[in-house]
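The values are calculated or read from the model by the stated rules, or taken from the named source; none is laboratory data. All values derive from a computational prediction rather than experimental measurement. All Cβ positions, even for glycine, are placed from backbone atoms using ideal geometry, and neighbour counts span all protein chains on display. The area values use the complete protein model at the heavy-atom level, side chains included, leaving out ligands, DNA and RNA. Shrake-Rupley method; radii C 1.70, N 1.55, O 1.52, S 1.80 Å.
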Amino acid sequence: MTPPEVIPLARPVIGDRERELVDGVLRSRQLSLGPTVTEFERMWADRIGTKHAVACSSGTAGLHCCLHALGIGPGDEVITSSFSFVASANVIVYTGATPVFAEVDPLTFNMDPAAVEAAITPRTRAILVVDIFGYPADVPALIAIAERHGLAIVEDACQSIDGDFNGKKLGTYGHPSVYGFYANKQLTTAEGGVILTDDDALYLLLKSLTNQGRSDDGAWLVHSRLGFNYRLSDVHAAIGIAQIERLDWMQDARARIAARYQARMASVDGVTPMYEGPQRRSWFVYAPRLDPDLDRDAIIGRLEAEGVSAKPYLPCIHLQPYYRTDHGHAPGELPVTEEISASTIALPFFCEMTDEQVDRVCDTMERAIQAERAA
Ligand SMILES: *Cc1c(COP(=O)(O)O)cnc(C)c1O
């Protein structure tokens, strides 16, 4: 028997336009600090409606720069979510500050504003908001809390590219927001990110921090502050421009595939489809929940044996080996987060997925669950 075709978890759309723009940059010999990065930044600022956009080498770099620019450092606490990719907590540790994890809402999987407020101490300096699985956090409620307690906000919108809350784009709420462009994101530059802000002073500081702390007047060998090399190259920006040109199409394709998944999974016994609430989700992953009696690892094994890629996604940050050993975290601290994290499963999800592939994933899931229940 020939083994079944493997359906990957993610697969970027790369076409002639990406190749053409990358080739143009290569021919120009202007591989970094060139006009392509500037154009990429302008396209983001125009698309989202912010005054500024600062391209950077990754979403992680962008988040780190924002916290550094706000002066977060040793002795400070930053409240964030443990139901996220590890980078959003790591950037807090990079600054010397301590991440404090607040419980999430059982439906949206984003931080519960009441839990955030309860986690505030005299050392709290900021809230690092995450829009997980592309569903926007309750940004207005978190802003109100931050204002009441004099805290800063940085938003990790890496999984919510082009997302909005109540129709207002993430990035336009008055605090710096970061998108990430790793290859599995809604839009990719291979590696990369962008910080969105309306604040002129913060913009100049971020431009300097991402570029070795060079002075604002652009003098090449004058370093006014401790900076980083967090620049995005023009080669990567060229990929990004081609991707922005097709972003509407890519987002529509993701939403269409998600709709087919949601409809099919609704009738699969043992699966809870993804939450559909009042806000629009920017579709990043397809990660429904399995009933708690089901052995997720066994189901993943059965799916993979039939060529359907799957992963337990996301593991809690506070239960990662590093956060247990170096930060003293342990199971039981965040029951809601831990329960969600134990039940969500990422399935293949990408723009060029066919209806037949979605159906194959759903059929395989149905068979895997039946076989598990019978075992
Ligand atoms: C992708 C992602 C990031 C940033 O990742 P990079 O690989 O550094 O671009 C940060 N936070 C979340 C939640 C992410 O999904």
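Summary of values
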| item | result |
| --- | --- |
| Qualifying lysines (Cα of each under 23 Å from Cα of residue 311; at least 8 residues distant if same chain) | 185 |
| Region 13-128 - convex hull of alpha carbons, volume per residue in Å³ | 152 Å³ |
| For region 238-289: accessible area per residue (Å², 1.4 Å) | 40 Å² |
| Leading residue at positive end of dipole, region 16-245 (Cβ point charges), from 180, 102, 54 | 54 |
| Straight-distance crosslink candidates among lysines, where the alpha carbon sits under 22 Å from residue 207 and sequence neighbours closer than 8 are dropped | 51 |
| Cα gyration tensor shape for the chain, rounded if a/c is under 1.5, else prolate or oblate | oblate |
| Reference-scaled alpha-carbon Rg (2.2 N^0.38 Å with N residues) for region 79-122 | 1.16 |
| Computed accessible area, residue 38, all protein chains, 1.4 angstrom probe, square angstrom | 80 Å² |
| Rel. contact order, % - alpha carbon contacts under 8 angstrom, at least six apart, the chain | 22 percent |
| Exposure of residue 153 as accessible area (Å², to 10), given a probe of 1.4 Å and all protein chains | 20 Å² |
| With all protein chains modelled, accessible area of residue 36 [1.4 Å, Å²] | 20 Å² |
| Surrounding net charge for residue 193, when Lys and Arg each add one and Asp and Glu each subtract one, Cβ distance under 13 Å | -2 |
| Percent carbon-and-sulfur accessible area, the chain, ignoring ligands, DNA and RNA, probe 1.4 Å | 54 percent |
| Computed [θ] at 222 nm, helices only, for the chain once each DSSP H run of length n ≥ 4 contributes -39500 (n - 2.57) | -12000 deg cm²/dmol |
| Shape call, region 285-375: gyration tensor on alpha carbons, a/c limit 1.5 | prolate |
